[in-house]
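Derivation of every value follows stated rules applied to the coordinates shown; laboratory data play no part. What you see is a predicted model, and the numbers here were worked out from it, not measured in a lab. Cβ sites come from the backbone with ideal geometry, for glycine too, and all protein chains shown count toward neighbours.
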Amino acid sequence: MVETKPVEAHAAAREAILAFIAGRNPGLAPGAVTDATSLVTSDALDSIGVLDLMMELGDQFGFDIEEDAFELAHFESVDALAAFVEAKRVRARP
């Protein structure tokens with residue numbers, strides 16, 4: 001699990017998301033996916049990719065994947081998903 005301060009946690013989550021997407025899509029041009037890229041309407045991830053991403057983020061940041069993890073609002077942008085991950089990480093801390 002990644003131990004960081006809130007601002008650092010958001011940045012770490014954002015970087016983890018972008019790295020995951022880049023790893024899944026090696027043909028993507030650098031900068032094709034930004035903080036504002038929608039994970040709902042873009043071709044950055046398919047449905048299995050979203051599931052794999054959430055499992056990876058849960059493992060990396062130490063939170064359980066629950067039903068609320070898949071609300072569309074969390075996938076409106078990379079930044080929105082990073083904020084969700086940060087909030088889940090904070091709630092998961094002992």
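One table, with the values for the structure above:
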quantity	calculated
Theoretical gain in end-to-end length, Ser47 to Ala11 [0.36 nm per residue, Cα-Cα removed]	10.6 nm
Choice from Ala16, Ala32, Ala69 showing the highest fluctuation, given a GNM over the chain with Cα pairs closer than 10 Å	Ala32
Lys/Arg +1, Asp/Glu -1 at C-beta; the chain dipole; positive extreme among Leu81, Val40, Ala12	Ala12
For Leu39, Leu72, order by how many other beta-carbon atoms lie within 10 Å, fewest first	Leu72, Leu39
Mean projection area, nm², convex hull over Cα of the chain	5.6 nm²
Within a Gaussian network of the chain (alpha carbon springs, distance under 10 Å), most fluctuating of Gly58, Gly27, Gly49	Gly27
Once exposed loop GluC sites (Glu not before Pro) are cut out (DSSP; at most 16 other Cβ, 10 Å), longest piece of the chain	4-65
Estimated [θ] at 222 nm from DSSP helical runs (n ≥ 4, -39500 (n - 2.57)) normalised by residues in the chain, nearest 500	-17500 deg cm²/dmol
